[in-house]
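Step one of this worksheet: look at the structure below.
The values are calculated or read from the model by the stated rules, or taken from the named source; none is laboratory data. Worth saying up front: this structure is predicted, and the values here are computed from it rather than measured. Note that each Cβ is placed from the backbone with ideal geometry, even for glycine, and that neighbours are counted across all protein chains shown. Side chains included, ligands, DNA and RNA excluded: accessible areas come from the protein's heavy atoms. Shrake-Rupley method; radii C 1.70, N 1.55, O 1.52, S 1.80 Å.
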Amino acid sequence: MLKGKNAVITGARRGIGRATAECFAKYGANIWACARKPDEAFEQDMAELAREYGVWIKPVYFDLTDSAELTAAVKRILAEKLPVDVLVNNAGITFDRTLFMTPITKMKEIFEIDFFAQISLMQSLGKYMLRKRSGSIINVTSVTGLDYSPGRLAYGASKAAMIWATRSCAKELAPYGIRVNAIAPGLVDTEILLNHREESIKEILEQAPLKRKGEPAEIAEAIAFLASDRASYITGEILVADGGNL
């Protein structure tokens, strides 16, 4: 499905990003696996995936809040003179507080990572895709950006902004053969759940028709579909994957 394609995946160390790296490798994609800090265990993990599936996976390290590091990382990727076919904007952080408990400094931090850094990567790698007039960008957002939940102001607002940007950029880039889509997961079994209260998780599961959490691999499969040529007529789509809750 992705054989021969080269993909940049952020937040590849764990959770949905790690599952996406494995899924892409399984389908034959080569990967620049992005993480914040050098990590021997991460490099060994990626090397094992590369051997198992017969692809190359190259770790790339940068802090999304550091524009100089981000720019340098993009330069390293492009310096390899290989086509960048796919960008998966997955890395992000969450913060759950009410309006009066959300410092503006925290709001800015969330937007810096969950919105501005994603846009910067879209700009940098999107320009390269423009030259070859093809590419696929998938932004990992959240149902929180669609359902206006109380108590999630910073995170929900950043994800809503990313959803708007996805649809806007899809229209801008379509004439150049670049597709831009997003996936909006619901409750997925990752470390982010540690930020949720047990009561909140139980309530969400009771309301979801499928009555369970999603698995990172399930979200990764949806991302792989959007990245592939099987989705060649899909752009500007926000694919909700939340067990039917929304």
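Below 11 angstrom from the Cβ of Y176, what's the summed charge of the other residues (Lys, Arg +1; Asp, Glu -1)? Mind showing how you got there, number by number?
Numbers: positive: K127, R131, K132, R133, R179; negative: E172.
Spelling it out: positives minus negatives among the neighbours equals +4.
Could you tell me whether the chain comes out rounded, prolate or oblate from its Cα gyration tensor? Rule is a ≥ b ≥ c as square roots of the eigenvalues, rounded for a/c under 1.5, then prolate if a/b exceeds b/c, otherwise oblate. Numbers along the way, then the final one.
Values: a/c = 1.44, a/b = 1.39, b/c = 1.04.
Rounded, because the longest to shortest axis ratio a/c is under 1.5.
Just how far, in whole angstrom, is region 77-143 from region 158-192 if you go by their alpha carbon centroids? Using only Cα atoms, the two centres lie 9 Å from each other.
Structure remark: mean-square fluctuation, Gaussian network model of the chain, C-alpha springs under 10 Å; the largest value among A174, A25, A217 belongs to A174.
Comparing mean-square fluctuations of A170, A117, A79 from a GNM of the chain with C-alpha springs under 10 Å, the top value falls on A79.
Subtracting the Cα-Cα distance of K171 and S134 from their residue separation scaled by 0.36 nm leaves 11.9 nm. Protein heavy-atom surface of region 1-116, 1.4 angstrom probe: 55% of the accessible area is carbon and sulfur, with nucleic acids and ligands not counted.
Going through region 53-96, which trypsin sites (Lys or Arg not before Pro) have at most 16 other Cβ atoms within 10 Å and a DSSP loop state? Qualifying residues, ordered by number: K81. Among the chymotrypsin sites (Phe, Trp or Tyr not before Pro) within region 26-116, those in coil by DSSP and having at most 16 neighbouring Cβ atoms inside 10 Å are W56.
Surface exposure of the chain, expressed per residue as accessible area with a 1.4 Å probe, stands at 50 Å².
Across D39, D114, D85, mean-square fluctuation computed from a Gaussian network of the chain (C-alpha pairs under 10 Å connected) peaks at D39.
Once the Cβ-Cβ distance of A68 and E43 is raised to the sixth power relative to R0 = 22 Å, the FRET efficiency obtained is 0.45.
Distance between the 7 Å Cα→Cβ label points at E109 and Q123: 2.4 nm.
222 nm [θ] for the chain, helices only, -39500 (n - 2.57) per DSSP H run of 4+, per residue, to 500? Don't jump to the answer; show the numbers that get you there.
Numbers: 9 runs with 109 residues, N = 246.
Roughly -14000 deg cm²/dmol at 222 nm, from the helical runs in the chain.
Excluding same-chain neighbours fewer than eight residues apart, the lysines reachable from K171 by a Cα-Cα span under 16 Å are K127. Counting only lysines at least 8 places from K106 when in the same chain, those with an alpha carbon closer than 22 Å to its own are K37, K159. Length gained on full extension, Y148 to D229, computed as 0.36 nm times the residue gap minus the Cα-Cα distance: 25.9 nm.
Work out how much length R36 to W56 would gain on full extension: take 0.36 nm times their residue separation and subtract the Cα-Cα distance, in nm to one decimal.
Working: separation 20, 0.36 × 20 = 7.20 nm, distance 1.97 nm.
Taking 0.36 nm per residue and subtracting the Cα distance, the gain is 5.2 nm.
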